[in-house]
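Taking it in order: structure first as structure tokens, then the write-up.
The values are calculated or read from the model by the stated rules, or taken from the named source; none is laboratory data. It should be emphasised that the depicted structure is a prediction, and the values quoted were computed from it without experimental measurement. Note that we place each Cβ from the backbone using ideal geometry, even for glycine, and neighbour counts take in every protein chain shown. Protein only, heavy atoms only, side chains kept; ligands, DNA and RNA dropped before computing areas. Shrake-Rupley method; radii C 1.70, N 1.55, O 1.52, S 1.80 Å.
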Amino acid sequence: MPVNFSSDIALHILLSVVGFIVLIKCADFFVDGASSFAKNFKIPTTVIGLTIVAFGTSAPELAIAFNAHLSNNMDMLFGNVFGSNIVNISVILGIAILIKPFKIQDDVIKKEMPILFLITIGVSVLFLDGLLDSAQTNTLTRADGMILLLFFCVFIYYLITVVLNKTGEKKNEMPKYNVFKSIVMILLGLAGIILGSHLVVDHVSSLAVHIGLSQKIISVTIISIGTSLPELVTIIVAAKKGENGIAIGSIVGSNIFNTCIVLGMPVVLLGAASTTAFNGIDIAFMLFSTALLWVFSTTNRELKRYEGAIFVAVYCAYVFYIFLQ
């Protein structure tokens, strides 16, 4: 029996790693294809960070969310979203700032960050039934999911106004691929993302059972960080190239997409989701990291290395809290 147990663990680890590699690589294909598609049709680059890059790098979270709901693994569904939102700011942005500090545009501070903060407050109110209504579990109903999708529609409307009112955009960049190849890369990326998500959900869940870890710990650490690696690569490259709008936009847009679509769409299409594993403390960490990003950006108009260290420290505190439960 010990031999079989050890071989089972080794197999789950191997296939989980393969799944993550497929997810990350195919997310790269998807982002490259989508970015080239946008540039072929002269979509402003300032919008790419908030939409194509942000949504594309969040595609792994969306695939995992659907698979988690279909597997009735609601802890992974919520951990995938809440964990990813905390990781995006505290780990991904924090590490990127430690590598290279960068300035924040006024529009991001005055418009996009308030939208993100309001959406984060909105999902907190919808989710915390146990705290606000004295319910036994925290639940998102189909009606809650529809409200989240409505929030996303408001965000898209805002982006449309940005595109329509955009003036003085710098000269268009040459796309990496033509339209046909861009579409091929998009389809190839999506197919790989779906396959990778199946491998990750199935084998990480099985591994958690084997070694006695809770689904919450696995989802807010390994899965959240693993699926956020595309954001990390994107934001570091963008910051080094001086594309600060794309860098911060990819984080803000990704968290909005995670909250409204990755969480809202599976609930609307597949039914309500409940959990007892996530509570007000988890939500407080998500709200705090979001508020901290807004405060740091507002006070300095620049994210500095010591602030990046504070972001990373917030995530370390969150992980410490989870292991204490």
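Ligands, DNA and RNA are left out, and with a 1.4 angstrom probe the accessible area of the chain is 43 Å² per residue. When a/c is below 1.5 the answer is rounded, else prolate if a/b is larger than b/c, else oblate, so apply that to the range 194-235 with a ≥ b ≥ c taken from the square roots of the Cα gyration tensor eigenvalues. Since a/c reaches 1.5 but b/c is at least a/b, the shape of the range 194-235 is classed as oblate.
Relative to the Cα centre, what is the charge dipole magnitude of the chain, using +1 at the beta carbon of each Lys and Arg, -1 at the beta carbon of each Asp and Glu, and rounding to the nearest 20 debye?
1100
Distance between the modelled labels on Phe288 and Leu11, one decimal in nanometres: 4.2 nm (7 Å Cα→Cβ projection). Between Val295 and Ile43, the modelled label-to-label distance comes to 3.5 nm, taking each label 7 Å out from Cα in the direction of the beta carbon. Over the range 1-155, Cα pairs under 8 Å with separation of 6+ residues give a relative contact order of 11 percent. By the combined test of axial Cα extent (at least 18 Å) and Kyte-Doolittle hydropathy (mean at least 1.6), the qualifying DSSP H helices of the chain come to 113-127, 142-165, 179-211. Modelled spin-label separation between Val179 and Phe320, with each label point placed 7 Å from Cα along the Cα-to-Cβ direction: 5.6 nm. Of the options [x] 22.2, 74; [y] 19.2, 68; [z] 20.8, 67, only one is Rg and Dmax of the Cα atoms in Å as computed from these coordinates, and that is [y]. The order of Asp32, Asp107 by accessible area, most exposed first and with a 1.4 Å probe, is Asp107, Asp32. Provide the net charge surrounding Ser197, with neighbours chosen by a C-beta distance below 15 Å and charges set as Lys +1, Arg +1, Asp -1, Glu -1. After counting each charged neighbour, the total is -1.
Remind me, relative contact order of the chain in percent, using alpha carbon pairs under 8 angstrom and six or more residues apart?
So the answer I get is 43 percent.
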